[in-house]
Amino acid sequence: MFKDQIGKQSNKVKNVVERGAVKKFAESIGDLHPIYFDEEVGEQSRYRKNIAPPTFPRVFDYGVIEGLNLPNKGLIHGEQTFHYVRPLLVGEEVYCYSKVKNYFEKKGNFGEMGFLVLESYGDDAAGNTIFSSTSTVVISEAVRKVLTR
Amino acid sequence: MSTLTELQIGESLKDIQLEPVSRMDLIKYSGASGDFNPIHTIDDEASKAGLPGIIAHGMWTMGNLAKLFTEYYEEGFIEDYSIRFKGMVFLNDVITLKAVLKEKEENKLSFTVQAVNGQGKDVLKGEVVYHQY
């Protein structure tokens, strides 16, 4: 039921690496290094700016993939990757979108499981990719039955 | 602060042991990340989902794990970070974060990274490729 979604993607959404959001995020993962929020430390660094923690892209809006209806319950986050060309800078604009990369089913301990692989991107204003990430979401048979009902 | 350049294959970064996981940790992460799935914060919702209690966001643990590398920000950055979520993290679990240098190739350092619970089980395991300037 997700197979026909492979290749679909969302429209790019403009996000900003907001100073307050970065600080709050860093606090929430106990990564309170001044490089994330102290302006002077940022200016003194090789980046000349504050940067964001590597898992910060979790907060971005990636737009909507038309026709992809994921339930908000019963999903298991199986795997996650990030690839960076460079760290994200506080204050910069990032254009984000997602794509359905793959979907397959496999027999597991809990019956037939579905694996949905979503690929997400963050580009700069010129269209150069700053980061990409993949999330593998596991969907159990029970949840899929509810969805197709 | 030492530098990553001095690190030899098989050597580890300094482990970090987190405080026992609290509900407030997960409430804060929900707010900061925008992931308000209630199985991470509300007992009833967790039990409705068949869980013995609320569980931490996988991304909370993954976010924590990356901080092993933060202090080296002038030397390089995390180029690749890939994780498999292997076990659930419950309230009061004491999680230890680890990174071992596995391979060095030119300016790329590959680390095996893991988050281990109080029973010694990996809850999260994967790899960091650190790009040195």
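The values are calculated or read from the model by the stated rules, or taken from the named source; none is laboratory data. If you're wondering where the values come from, they're calculated on a predicted model, not measured in any experiment. Reconstructed Cβ throughout: ideal geometry from the backbone, glycine too, with neighbour counts over all protein chains shown.
Some notes on this structure:
- Of all residues in region B:62-88 being at the interface with another protein chain (Cβ under 9 Å from one of its Cβ atoms), in contact (Cβ under 8 Å) with a residue 60 or more places away in the chain and not acidic (Asp, Glu), the one that is surrounded by the fewest Cβ atoms within 10 Å (Cβ to Cβ): B:66
- Selection status of residue B:26, surrounded by fewer than 20 Cβ atoms within 10 Å (Cβ to Cβ) and not β-branched (Val, Ile, Thr): no
- Every residue from region A:18-33 that is in contact with a helix residue (DSSP H, G or I) (Cβ under 8 Å, 6 or more places away or on another chain) and surrounded by 14 or more Cβ atoms within 10 Å (Cβ to Cβ): A:21, A:22, A:23, A:24, A:25, A:26, A:27, A:28, A:29, A:30, A:31, A:33
- Every pair of residues 6+ apart whose Cβ atoms lie under 6 Å, when the first sits in region B:21-34 and is within 11 Å of residue A:21 (Cα to Cα) while the second is among the polar types (S, T, N, Q) and part of a helix (DSSP H, G or I): B:32/A:28
- Within region B:28-50, the only residue that satisfies the criterion of being of a type in the set (Val, Ile, Thr) and at the interface with chain A (Cβ under 9 Å from one of its Cβ atoms) is B:39.
- Filter result (under 26 Å from residue B:39 (Cα atoms), within 16 Å of the chain's Cα centre (by Cα) and within 7 Å of another protein chain (Cβ to nearest Cβ)) within region A:73-93: A:77, A:78, A:79, A:80, A:81, A:82
- Total residues in region A:19-31, condition outside any helix (DSSP H, G or I) and either without any contact (Cβ under 8 Å) to a residue 12 or more places away in the chain or of a type in the set (Val, Ile, Thr) (or both): 2
- Of all residues in region B:113-133, those satisfying the criterion of being over 10 Å from residue B:97 (Cα atoms) and among the polar types (S, T, N, Q) are B:119, B:132.
- Summed over region A:43-72, residues that are more than 16 Å from the chain's Cα centre (by Cα), more than 7 Å from chain B (Cβ to nearest Cβ) and charged (D, E, K, R) total 4.
- Residues satisfying the stated conditions in region A:39-58, i.e. surrounded by 14 or more Cβ atoms within 10 Å (Cβ to Cβ) and either at pLDDT below 95 or among the acidic types (Asp, Glu) (or both): none
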